[in-house]
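Have a look at the structure below before the remarks.
The values are calculated or read from the model by the stated rules, or taken from the named source; none is laboratory data. Keep in mind that this is a model prediction, so the values were computed, not measured. Every residue, glycine among them, receives a Cβ derived from its backbone with ideal geometry; neighbour counts consider all protein chains shown. Quick note on the areas: whole protein, heavy atoms, side chains included, nothing else; ligands and nucleic acids left out. Shrake-Rupley method; radii C 1.70, N 1.55, O 1.52, S 1.80 Å.
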Amino acid sequence: MGKFSTLLGISAAVLMFSVGLVGAEERDWKKPRVPPDQIAEAKAMKNPVEATPENIAKGKALFEGKGTCFNCHGKEGKGDGPAGAILNPSPRNFTNCKFHKKRKDGELFWVIKNGSAGTGMVSLIPAAINEEEAWTIINYERSFCKE
């Protein structure tokens, strides 16, 4: 029984540590993920998809479906999806309103299109979604900020 109790205790400790990591805030949310030589162009890009309730609903369907964003960012956009738990740095937390205030839609689009070096974010255009779908997802991502 002593070995079982020890194993149970170790398992509980690992579980608690893992839960703590998953719930941890992402590092460096202030740091842009667009290369310096391309950031001005990215910031200048405007989202051609209006953020209507209908388009936000479409973005949600894409985020949770075809775009597979929820796998890393989680269904609630907190960066705590099942695949995101093993990534370092952790995925963006889209509930962070400070992040949304700092980043332009074009920067988010650039990352969806090109991926983000040094992170688990891969290019999703055109492999999984098209450009219009990416803009639609961005509108949904913005809706996670409730401030």
Report whether or not N130 is open to solvent by 60 Å² or more (accessible area, probe 1.4 Å) and either modelled with pLDDT under 95 or among the hydroxyl-bearing types (S, T, Y) (or both).
no
Answer residue from region 7-54, given it is in a loop (DSSP other than H, G, I, E, B) and of a type in the set (G, A, S) and is modelled with the highest pLDDT among those:
A51
Criterion first (closer than 20 Å to W29 by Cβ, touching a Pro at 6+ places or on another chain (Cβ under 7 Å) and not β-branched (V, I, T)) does E141 satisfy it?
no
Output yes when any residue across region 132-144 is over 15 Å from N47 (Cβ atoms) and of a type outside the set (A, V, I, L, M), and no when none is.
yes
I'm checking my understanding of the structure. Among residues of region 78-127 that are part of a helix (DSSP H, G or I) and open to solvent by 60 Å² or more (accessible area, probe 1.4 Å), which one is nearest to K66 (Cα to Cα)?
K113
All positions within region 73-123 that are in contact (Cβ under 8 Å) with a residue 40 or more places away in the chain and among the β-branched types (V, I, T)
T95, V111, T119
What are the pairs with Cβ atoms under 9 angstrom where one residue, in region 124-136, is acidic (D, E) and the other, located anywhere, is open to solvent by 30 Å² or more (accessible area, probe 1.4 Å) and part of a helix (DSSP H, G or I)? Sequence gap at least six, or different chains.
E131/K113; E133/K58
